Structures are given as C-alpha cells and as structure tokens.
1. Scan segment 30-51 and give yes if some residue there is closer than 21 Å to residue 119 by Cβ, assigned to a loop (DSSP other than H, G, I, E, B) and within 16 Å of the chain's Cα centre (by Cα), otherwise no.
2. Any residue in segment 102-109 that is crowded, with 18+ Cβ neighbours inside 10 Å, in a loop (DSSP other than H, G, I, E, B), in contact with a helix residue (DSSP H, G or I) (Cβ under 6 Å, 6 or more places away or on another chain) and on the phi < 0 side of the Ramachandran plot?
3. Looking only at segment 17-34, decide whether some residue is free of Cβ contacts under 8 Å to residues at least 60 places away in the same chain and within 15 Å of residue 71 (Cα to Cα).
4. Residues in segment 69-78: is at least one modelled with pLDDT under 90 and either within 12 Å of the chain's Cα centre (by Cα) or part of a loop (DSSP other than H, G, I, E, B) (or both)?
5. So residue 113 clears everything in (1) in contact with a strand residue (DSSP E or B) (Cβ under 7 Å, 6 or more places away or on another chain); (2) touching a residue at least 40 places away in the same chain (Cβ under 8 Å); (3) assigned to a loop (DSSP other than H, G, I, E, B) except one condition, right? Which one?
6. Among the residues of segment 44-56, which ones are modelled with pLDDT of 90 or more and buried (at least 16 other Cβ atoms within 10 Å of the Cβ)?
7. In segment 7-28, how many are touching a helix residue (DSSP H, G or I) at 6+ places or on another chain (Cβ under 8 Å), outside any helix (DSSP H, G or I) and closer than 19 Å to residue 100 by Cβ?
8. From the list 119, 123, pick out the single residue that is at pLDDT 85 or above and either under 14 Å from the mean Cα position of the chain (by Cα) or loosely packed, with under 14 Cβ neighbours inside 10 Å (or both).
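The values are calculated or read from the model by the stated rules, or taken from the named source; none is laboratory data. Treat the numbers as computed from the prediction; the structure is a model and nothing was measured. Using ideal geometry, Cβ is built from the backbone for each residue, glycine included, and neighbour counts are taken over all protein chains shown.
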C-alpha cells in the first residue's frame, strides 16, 4: 500500500461513498470520488497516463450514467479500460457484469474489500491481473 496510489470510488449514495472513502484513506490510499459514471469518466479522461487510479470501486445503480454504462464506455480508452474495477452492488447475481475484475455484494465485508484493493493496487498485482467475474459474498445456503 502506498500514499501515492489512488482508488476511485463511484457511488451515488453520499453516506456509502463517504464511508468507502474513509476506509480507503485509513489504509493509506488516496481516494477520489464520483457520484455517477459520467463524473468518473470525465475525471479519468482528464488525467495524464501516469496519474490514473490503481483501481475503481463501482456501484451499478446510479443516475445519469449507471455502472453498466460506465463499464461499456470505459472501453473507448485503453488507459481507462486497463484500470481494474471492483463492482460493489446490492444487485442480484443474475444482473452481474462480466467485464468487472471482481464483484462484491453489499453490505461489503470490509476485510475482503481491503484485501482486493491491496491485491489490485500492489505493483505485482498490476502486472499479473487476471480478470474474473466472481461474485463474492453470495450465500451458498439454499
């Protein structure tokens, strides 16, 4: 973990966004926030290549541009498309995006969230990212 690495949090709920920001910053990361996918894309497109976040925490259900639209639109830039995305959502598993690196269900297990942030933001992980659309936090009980 490094004070120089930035995690982007894209969440429309003020309380959740602020809580995630505090969690990320308490672990030594910088946090930048956006209220929807459009704000996130605008921010990312204005960044220099060496000034991009190490990962994005993305809600799916947001106004103006939702998480699914953001995931589709980010493909228009190789730099933005290369940033790992963890979807953090309360949406049902049948609606999970396949083009996210991880999917965490709300309410989020903070230790698991921090583990994945460390995984994606460590320099080693940046070189070895394997995309998956694993749903984390789903109950196995029927």
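1. no
2. Checking segment 102-109: not a single residue is crowded, with 18+ Cβ neighbours inside 10 Å, in a loop (DSSP other than H, G, I, E, B), in contact with a helix residue (DSSP H, G or I) (Cβ under 6 Å, 6 or more places away or on another chain) and on the phi < 0 side of the Ramachandran plot.
3. There is at least one residue in segment 17-34 that is free of Cβ contacts under 8 Å to residues at least 60 places away in the same chain and within 15 Å of residue 71 (Cα to Cα).
4. Checking segment 69-78: at least one residue is modelled with pLDDT under 90 and either within 12 Å of the chain's Cα centre (by Cα) or part of a loop (DSSP other than H, G, I, E, B) (or both).
5. Among (1) in contact with a strand residue (DSSP E or B) (Cβ under 7 Å, 6 or more places away or on another chain); (2) touching a residue at least 40 places away in the same chain (Cβ under 8 Å); (3) assigned to a loop (DSSP other than H, G, I, E, B), the lone unmet condition for residue 113 is (3).
6. Answer for segment 44-56, where residues must be modelled with pLDDT of 90 or more and buried (at least 16 other Cβ atoms within 10 Å of the Cβ): 44, 53, 54, 55, 56.
7. Of the residues in that region, 5 qualify.
8. Just a single option satisfies the conditions, and that option is 119.
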